[in-house]
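Notes for the one structure printed next.
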Amino acid sequence: MTTPFTISTATPLDIPAITTLIATSVRTLQAPDYAPAQIDNALATVFTVDTQLIADGTYFLARAPSGELAGCGGWSFRKTLYGGDHDLTRAHTHTPTKEPARLNPLTDAAKIRAIFVHPSFARQGLGSLLLAAAEDAAIADGFTRFEMGSTLTGVTLYTLKGYRELSRTETPIGAGQTITVVHMTKDTRQSNSAS
């Protein structure tokens with residue numbers, strides 16, 4: 001599949017642009033699924049940049065031919081399922097969302113993390129491209145299973161890409177608000193045997 005987008009690995013210098021892209025993406029593309037107050041609180045808590053992904057070299061940027069940042073997303077070999085550096089859900093629950101322990105590719109699922117697309121580039125296959133880049137990198141590191149905490153907005157795409165829903169959780173985002181996060185999983189061993 002030919003794509004006009006180029007994929008690169010994010011660096012700390014990219015954090016301001018990633019932060020802007022996440023806010024633009026969430027405010028526009030997730031508006032049908034979450035109320036404005038939920039979006040505001042999520043952007044201050046769970047929809048923030050996770051610098052551990054950048055430090056690990058597992059977070060990718062997609063750029064348009066013009067050089068404009070069109071999307072971002074990645075994967076992790078750590079236990080954290082979702083959330084960013086400013087994730088305050090730990091203050092509201094007994095289970096931390098930031099779990100830096102490394103996963104074992106033989107027994108654990110790699111985590112697909114924080115895929116966001118700029119609205120100007122939506123519906124052009126960019127989410128699929130970022131997902132494939134994350135999955136391919138995780139496979140190269142020995143993983144055969146993936147899991148994610150998807151937004152409601154992403155469920156349709158991920159289902160089309162072979163993920164199945166395990167559960168839905170109301171995740172605290174501050175100010176008495178929650179958002180629905182959908183725990184999804186995919187096993188490449190089952191996908192390959194079915195084809």
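The values are calculated or read from the model by the stated rules, or taken from the named source; none is laboratory data. Just so we're clear, the structure is a prediction, and the values are computed from it rather than from any experiment. As a convention, Cβ positions derive from the backbone with ideal geometry for all residues, glycine included, and neighbour counts pool all protein chains shown. Side chains are part of the model used for accessible areas, which takes the heavy atoms of the whole protein and leaves out ligands, DNA and RNA. Shrake-Rupley method; radii C 1.70, N 1.55, O 1.52, S 1.80 Å.
Report yes if Tyr34 is among the hydroxyl-bearing types (Ser, Thr, Tyr), over 18 Å from Pro119 (Cβ atoms) and touching a residue at least 12 places away in the same chain (Cβ under 8 Å), otherwise no. Before the answer, list the steps.
Working: among the hydroxyl-bearing types (Ser, Thr, Tyr): yes; over 18 Å from Pro119 (Cβ atoms): no; touching a residue at least 12 places away in the same chain (Cβ under 8 Å): yes.
No, not satisfied.
Residue by residue, here is whether (1) open to solvent by 50 Å² or more (accessible area, probe 1.4 Å); (2) acidic (Asp, Glu) holds:
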| site | (1), (2) |
| --- | --- |
| Thr9 | yes, no |
| Asp14 | no, yes |
| Thr20 | yes, no |
| Thr28 | yes, no |
| Pro32 | yes, no |
| Ile39 | no, no |
| Leu43 | no, no |
| Val46 | no, no |
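How many of the residues in the stretch 15-33 are under 15 Å from Ala64 (Cα atoms) and over 15 Å from the mean Cα position of the chain (by Cα)?
First, the residues of the stretch 15-33 that are under 15 Å from Ala64 (Cα atoms): 17-18, 21.
With the extra rule that they be over 15 Å from the mean Cα position of the chain (by Cα), the set shrinks to 17.
Of the residues in the stretch 15-33, 1 are under 15 Å from Ala64 (Cα atoms) and over 15 Å from the mean Cα position of the chain (by Cα).
The conditions are (1) open to solvent by less than 40 Å² (accessible area, probe 1.4 Å); (2) at pLDDT 95 or above; (3) touching a Ser or Thr at 6+ places or on another chain (Cβ under 6 Å), and His183 fails exactly one of them. Which is it?
Of the numbered conditions (1) open to solvent by less than 40 Å² (accessible area, probe 1.4 Å); (2) at pLDDT 95 or above; (3) touching a Ser or Thr at 6+ places or on another chain (Cβ under 6 Å), the odd one out for His183 is (1).
Just give me the residues in the stretch 143-178 being open to solvent by less than 50 Å² (accessible area, probe 1.4 Å), part of a strand (DSSP E or B), hydrophobic (A, V, I, L, M, F, W, C) and modelled with pLDDT of 95 or more, in sequence order.
Once the filter is applied, which keeps residues that are open to solvent by less than 50 Å² (accessible area, probe 1.4 Å), part of a strand (DSSP E or B), hydrophobic (A, V, I, L, M, F, W, C) and modelled with pLDDT of 95 or more, the stretch 143-178 yields Phe146, Met148.
Could you give me the residue pairs with C-beta distances under 9 Å whose first residue belongs to the stretch 181-195 and is in a strand (DSSP E or B) and among the hydroxyl-bearing types (Ser, Thr, Tyr), whose second residue is open to solvent by 20 Å² or more (accessible area, probe 1.4 Å) and modelled with pLDDT of 95 or more wherever it lies, and which are 6+ apart or on separate chains?
What qualifies is Thr185/Arg145; Thr185/Glu147; Thr185/Arg164; Thr185/Glu165; Thr185/Leu166.
When you go through (1) over 23 Å from Val49 (Cα atoms); (2) touching a Pro at 6+ places or on another chain (Cβ under 7 Å) one by one for Gln190, which number turns out not to apply?
Going through the list (1) over 23 Å from Val49 (Cα atoms); (2) touching a Pro at 6+ places or on another chain (Cβ under 7 Å), Gln190 breaks only (2).
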